[in-house]
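Just so it is clear, none of the values below were taken in a lab; they were calculated from the coordinates. Only a predicted model underlies this, so the values are computations on that prediction, with no experimental measurement involved. A quick note on method: Cβ atoms are made from the backbone with ideal geometry, for glycine too, and the neighbour counts reach across all protein chains shown.
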Amino acid sequence: MAVYEQLYGAYEGVPQSALSRFLVIPRYALRDIFKSKLVTGMFLVCFVYPLIAAILVYLRHNVNAVAILQIDILELIPIDGSFFRTFMQIQGAFAFLLTVLVAPPLISRDLSNNALPLYLSRPLSRTEYVLGKGTVIAAVLSLVTWIPGLLIFFFQASLAGTGWLWRNYWIAGSIFLASAVWIVLLALIALAISAVVRWRVVASGAMLGIFFVPGAMAEIINNLFLTRYGSLVSLWATMNNVWAGLFFLFDRNSGSVQGTVTNPIYDKQLFNIILLEPPLWAAWAVVAAAGLICVWILSRRVRAYEVIK
């Protein structure tokens, strides 16, 4: 049929709200993610520790089970802020590994296939495109961080009673905020790397390098200069301080270093250096700076057309 014989027909489907258009991206991306057996297996492994934590909570309040297993009640871990901070550290590590598997192809695949013009030629802005890709990561990581964390918290509250809930209600907010900060940071870093590196294996390696290489450098700086301020180089160490602050467990005193130094005049001198962790505001500043750098990279890389100078 000739083109001029085609008649214009109005769209008869259900119009999408401008606020929900970006949700089209995660709707289809989540289907592709779980087609991988490696991702699915890693996702299931992420629930091992929440299961262990739930069992510990149950044992804490079940006298019969403790008697059968012949466990001293004093040897059980107390369910408090320290318990949930440990939960965040373990699940945060699993969330990072899951991000390494899930995130690299999200933007790099579109850049490699020149698909961005197809996205942005529709009623979808660059911000909505990035938000849609970030929602994919946020949805997956939420299932292994704050959602099981809150379920365990309310499980503990149901067993311990309203008195425990009233004294520790702030833990629920700390779980959610600690998870949210980590999820946003991981999503921004992963999307920025995906927008710069177009090969999945290289992008995964870069993601691992950003966390492990600075971590090694931080230890070298700390040991070489007898300080703890080198931890600001490591995003993982910085996030651990942020989590400690959110659970009111942050202590700047990291201990001390003792030793002797040879002096040509006084022979030997003893020294005792107290190591102090960087202040919390410095940890938050590093996290904010890392996020802003990633936003800047995304604003430069996510374009309909690549400008070659």
**Q.** Nearest-0.05 FRET efficiency for F225 and W199, computed from C-beta distance (R0 51 Å)
**A.** 0.85
Q.
Can you give me the distance in nm between label points at A216 and V45, each placed 7 Å from the Cα along the Cα-to-Cβ direction?
A. 2.1 nm
Q. What percent does the relative contact order of region 108-187 come to when contacts are Cα pairs within less than 8 Å and at least six residues apart?
A. 36 percent
Q: State whether region 154-243 is rounded, prolate or oblate according to the following rule on the C-alpha gyration tensor (a ≥ b ≥ c being the square roots of its eigenvalues): a/c under 1.5 gives rounded; otherwise a/b larger than b/c gives prolate, and the remaining case gives oblate.
A: oblate
Q) In sequence order, what are the phi-derived ³J(HN,Hα) couplings for region 78-87 according to the Karplus relation 6.51 cos²θ - 1.76 cosθ + 1.60 with θ = phi - 60°, rounded to whole Hz, with x for glycine and proline? A) x, 8, 8, x, 5, 4, 7, 5, 4, 4
Q. Near the amide H of L275, under 5 Å away, which other amide H atoms are found, from residues 5 or more places off or on another chain, if H is placed in the peptide plane?
A. S254, G255, S256, V257
Q) Once you list every other residue whose beta carbon is under 15 Å from the beta carbon of F153, what net charge do they have if Lys and Arg are +1 and Asp and Glu are -1? A) +2
Q) Once you put a point 7 Å from the Cα of L56 and another 7 Å from the Cα of R27, both along the Cβ direction, what distance in nm separates them? A) 4.1 nm
Q: Step through the residues of region 171-181 one at a time and calculate ³J(HN,Hα) from phi using the Karplus curve (6.51 cos²θ - 1.76 cosθ + 1.60, θ = phi - 60°), rounding each to whole Hz and writing x for Gly and Pro.
A: 4, 4, x, 5, 4, 5, 5, 4, 5, 5, 4
Q: Would you kindly derive the ³J(HN,Hα) couplings of region 144-161 from the backbone phi angles with the Karplus curve 6.51 cos²θ - 1.76 cosθ + 1.60 (θ = phi - 60°), listing them in order in whole Hz, with x for Gly and Pro?
A: 10, 10, 6, 5, x, x, 5, 4, 5, 4, 6, 5, 5, 5, 5, 8, 8, x
Q) If amide H atoms are built 1.01 Å from N in the plane of the peptide, which residues on other chains or at least 5 residues away come under 5 Å of the amide H of L124? A) none
Q) How big is Rg to Rh over region 21-301, alpha-carbon atoms, Rh as the Kirkwood inverse-mean-distance radius? A) 1.05
